[in-house]
């Protein structure tokens, strides 16, 4: 636990930078490469705590994986080669790894125990466990089988038709992974379109996935074949510097090779709606994923309403969007974001607390928040809530604060962006 002090920025952010590989795609590349037969090579893999826990989980299942910095080689032999882990599998703070792996482990012919850090241990797993039990899964644990640690007695599952009660790509993905190994067809119907990395990557590994609007179906008993995966830059990490460039005067910043999957680009749409100066260039497609360069200039912004179908496309970016809104003319209202209450922390409570401490005028709602703009931020000591996105939001807020900002603990940042503080320091000193 390390306290960090940040000084206000004395000049604009300029130049070019790259952000680490996408966390969601890195998780899935390890999973599907391990489940596949044949060699899978992953480049620009995110070397964060969360993704490394996924890598180690598959090593504990007996998968041969070579790891050299951001390059990964997986020598896959298919799921029939998986072995029962001899010790409980640890996922740290990663809700993505725990939930997606439940879909796989429930289908394997052995017993597994999974656990996580104190924050993951209180996050709800019943949203995944309920549909998996409908498929025939045997899962039990604390909180009547809804909280980690969980024990999974793998067995042959059967396909189901399931209507998602929540807007969650993690739940959708867990069911699709289970459906890939189940008997029959599994169909998932979403409330709104959520991030579709699982569907895209399953297709890249040779599976047939059918998407018809909000309905996604997959035939069971399909085999995956190893392939090459290049992980684009994580737009959720880029979001912090996108906002920084928009709110720090005299800034012009280009972030190169960022993933532009349309299920993830809500932050770009919001900035454009607020009047932000943002452009996209050098667009390409690799492995079914869209990416390009994002250039942002300091902008005069206006408050807007953010709700409905766009929320799943920017759910992880709401804390940094709240900071953005403090610098806009008028009021910004964010609703339909109740999912924030069950992230690494209650991100509505945490965002309101951090920004209020820094002098912002912000009101919590049960499913979002109201941010009053044109606010001069002061400074002070803020809590990270052991949440990487809250910690990074506090660091970016320091750039426009009048006085020093002190973050109580920077350790959570390594969950998604291990070099964040170094990149921030380089931009502010160059």
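For the chain, give me the percentage of DSSP beta bridges that are antiparallel, rounded to the nearest 5 percent.
Here the antiparallel bridges make up roughly 70 percent for the chain.
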Treating every alpha carbon of the stretch 1-65 as one equal point scatterer without solvent, the Debye formula yields log10 I(q)/I(0) values at q = 0.18, 0.20 Å⁻¹ of -0.74, -0.83
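Peptides 391-398, 188-195, 253-260: what's the order by average Cβ count within 10 Å, highest mean first?
Numbers: 391-398: 26.8, 188-195: 18.9, 253-260: 21.4.
Descending mean neighbour count gives 391-398, 253-260, 188-195.
Give me Rg over Rh for the chain, both radii from the alpha carbons and Rh done the Kirkwood way, two decimal places. Write down the numbers at each step before the final one.
Details: Rg = 21.1 Å, Rh = 21.9 Å.
Across the chain, the Cα-based Rg/Rh ratio is 0.97.
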At 10 °C and 1.306 mPa s, the Stokes-Einstein diffusion coefficient in µm²/s for the stretch 23-230, with hydrodynamic radius from the Kirkwood sum on alpha carbon pairs, is 95
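How much of the DSSP beta bridge set in the stretch 23-230 is antiparallel, as a percent to the nearest 5?
Details: 29 of 39 bridges.
So the antiparallel bridges in the stretch 23-230 amount to around 75 percent.
In whole percent, what relative contact order does the chain give with Cα contacts below 8 Å and a gap of six or more residues?
On the way: 1051 pairs, mean separation 76.6, N = 430.
The value is 18 percent.
Assuming 0.36 nm per residue, please report the length gained on full extension of the stretch residue 381 to residue 80 beyond their Cα-Cα distance.
Working: separation 301, 0.36 × 301 = 108.36 nm, distance 5.21 nm.
Separation in residues times 0.36 nm, less the Cα-Cα distance, equals 103.2 nm.
Suppose we look only past 14 Å in the calculated P(r) of the stretch 198-258. What percent of the Cα-Cα pairs does that tail hold?
Values: 1263 of 1830 pairs.
When all Cα pairs of the stretch 198-258 are counted, 69 percent exceed 14 Å.
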Taking Cα atoms only, helix 388-397 is inclined relative to the longest principal axis of the chain by an angle, in degrees rounded to 10, of 10
Pseudo-spin-label distance residue 338 to residue 285, built 7 Å along Cα→Cβ, given in nm, is 3.7
Per the rule of 0.36 nm per residue minus the C-alpha distance, extending residue 158 to residue 142 adds in nm 3.2 nm
Expected max-MSF residue from 87, 19, 185 in the GNM of the chain (alpha carbon, under 10 Å) is 87
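Given a cut-off of under 8 Å on Cα pairs at least six residues apart, what relative contact order in percent is computed for the stretch 23-230? Mind dumping the intermediate values first?
Numbers: 473 pairs, mean separation 45.0, N = 208.
Relative contact order here is 22 percent.
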The equivalent-ellipsoid semi-axes of the stretch 38-118, taken as the square roots of five times the Cα gyration tensor eigenvalues and listed largest first in whole Å, are 20, 17, 10
Summing -39500 (n - 2.57) over every DSSP H run of at least 4 in the chain, dividing by its residue total and rounding to the nearest 500, the 222 nm mean residue ellipticity is -9000 deg cm²/dmol
Of the convex hull drawn through the C-alpha atoms of the stretch 252-377, the volume per residue in Å³ is 106
In degrees, nearest 10, the alpha-carbon axis of helix 235-247 is tilted away from the dominant principal axis of the alpha carbons of the chain by 10
The chain, Gaussian network, Cα under 10 Å: of 242, 25, 152, the residue fluctuating most is 152
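Each value in this text was obtained by applying a stated rule to the coordinates, not by laboratory testing. Quick caveat: nothing in here was measured; it's all calculated off a predicted structure. Cβ sites come from the backbone with ideal geometry, for glycine too, and all protein chains shown count toward neighbours.
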